[in-house]
């Protein structure tokens, strides 16, 4: 089980980090549009669509990565006070009742949506450039599959937590600035008063 969890976490992290590079491309494209529009009075017909496609792809493909790192928003004012075993029981029920049916619907509906879009080479109707968007529709299916795989890993985490009363943590690769500052301050205080 631990091996599968690590595999799913690594897969989600790889896709999340790979698609994170779209931020750079999106920034360059938006910067080009601003310069072109306001300095040369020559707006592009494609910049808005391309930025929507890149942001949507980034958002969709980052979902599994965020799930693997426990980064989704949750209302846990009571939940956080429970033992990990009880948290895992609740999580397991919620994954089975809501997560998997929702993600399965996303995959199946996304498949139909993408197949139809590919069949006629769908282009954006929002701009005169006719930017192709059928490939973006495929991202819906890919994101759903990644979420499904990560969901199975989360169920495995729940099973382990019910057995051991501890959560198997994901590798930490992103740190909050506040946490880093607190760690630095604590270390400086310890060094000052040995």
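Taking interchain pairs and intrachain pairs at least six residues apart, which have beta carbon atoms under 7 angstrom, with the first residue in the stretch 139-151 and without any contact (Cβ under 8 Å) to a residue 24 or more places away in the chain and the second surrounded by fewer than 23 Cβ atoms within 10 Å (Cβ to Cβ) and part of a helix (DSSP H, G or I)?
Listed by first residue and then by second, the contacts come to nothing, as the list is empty.
Any idea which residue in the stretch 53-64 is surrounded by the most Cβ atoms within 10 Å (Cβ to Cβ), counting only those that are touching a residue at least 60 places away in the same chain (Cβ under 8 Å) and within 22 Å of residue 153 (Cβ to Cβ)?
Among them, the one singled out is 64.
What number of residues within the stretch 120-138 are without any contact (Cβ under 8 Å) to a residue 40 or more places away in the chain and either out of contact with any strand residue (DSSP E or B) (no Cβ under 9 Å at 6 or more places or on another chain) or assigned to a loop (DSSP other than H, G, I, E, B) (or both)?
Initial filter on the stretch 120-138 (without any contact (Cβ under 8 Å) to a residue 40 or more places away in the chain): 120-123, 125, 130, 132, 134-135, 137-138.
Among the residues that remain, those that are also either out of contact with any strand residue (DSSP E or B) (no Cβ under 9 Å at 6 or more places or on another chain) or assigned to a loop (DSSP other than H, G, I, E, B) (or both) are: 120-122, 125, 130, 135, 137-138.
Number satisfying all stated conditions: 8.
State all residues of the stretch 99-116 that are under 14 Å from residue 135 (Cβ atoms) and within 18 Å of the chain's Cα centre (by Cα); if no residue qualifies, say none.
Of all residues in the stretch 99-116, those under 14 Å from residue 135 (Cβ atoms) come to 110, 113-116.
Result: 110, single match.
Which condition from (1) farther than 20 Å from residue 155 by Cβ; (2) at pLDDT 90 or above is the one that residue 83 breaks?
(1)
Among the residues of the stretch 79-94, are any in contact (Cβ under 8 Å) with a residue 12 or more places away in the chain, within 12 Å of residue 148 (Cα to Cα) and either touching a helix residue (DSSP H, G or I) at 6+ places or on another chain (Cβ under 7 Å) or in a helix (DSSP H, G or I) (or both)?
There is no residue in the stretch 79-94 that is in contact (Cβ under 8 Å) with a residue 12 or more places away in the chain, within 12 Å of residue 148 (Cα to Cα) and either touching a helix residue (DSSP H, G or I) at 6+ places or on another chain (Cβ under 7 Å) or in a helix (DSSP H, G or I) (or both).
Could we say that residue 114 is touching a strand residue (DSSP E or B) at 6+ places or on another chain (Cβ under 9 Å) and more than 28 Å from residue 90 (Cα to Cα) here?
no
Results for (1) closer than 24 Å to residue 68 by Cα; (2) surrounded by fewer than 16 Cβ atoms within 10 Å (Cβ to Cβ); (3) in contact with a helix residue (DSSP H, G or I) (Cβ under 6 Å, 6 or more places away or on another chain); (4) modelled with pLDDT of 95 or more, shown as yes or no for each residue.
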{"residue": "131", "(1), (2), (3), (4)": "no, no, yes, no"}
{"residue": "137", "(1), (2), (3), (4)": "yes, no, yes, no"}
{"residue": "141", "(1), (2), (3), (4)": "yes, no, yes, yes"}
{"residue": "170", "(1), (2), (3), (4)": "yes, no, yes, no"}
{"residue": "175", "(1), (2), (3), (4)": "yes, yes, no, no"}
{"residue": "180", "(1), (2), (3), (4)": "yes, yes, no, no"}
{"residue": "187", "(1), (2), (3), (4)": "no, yes, no, no"}
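Those residues that are within 20 Å of residue 172 (Cα to Cα) and surrounded by 13 or more Cβ atoms within 10 Å (Cβ to Cβ), I need them from the stretch 19-52; list them, please.
Selection gives 19, 20.
One line per residue, one yes/no per condition, for (1) part of a helix (DSSP H, G or I); (2) farther than 21 Å from residue 132 by Cα; (3) touching a residue at least 60 places away in the same chain (Cβ under 8 Å); (4) more than 10 Å from the chain's Cα centre (by Cα):
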position: 12; (1), (2), (3), (4): yes, yes, yes, no
position: 15; (1), (2), (3), (4): yes, yes, yes, no
position: 26; (1), (2), (3), (4): yes, no, no, yes
position: 32; (1), (2), (3), (4): yes, no, no, yes
position: 37; (1), (2), (3), (4): yes, yes, no, yes
position: 51; (1), (2), (3), (4): yes, no, no, yes
position: 74; (1), (2), (3), (4): no, yes, no, yes
position: 77; (1), (2), (3), (4): no, yes, no, yes
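The values are calculated or read from the model by the stated rules, or taken from the named source; none is laboratory data. A quick note: this is a predicted structure, and the numbers were derived from the prediction, not measured. Cβ atoms come from the backbone with ideal geometry, glycine included; neighbour counts cover every protein chain shown.
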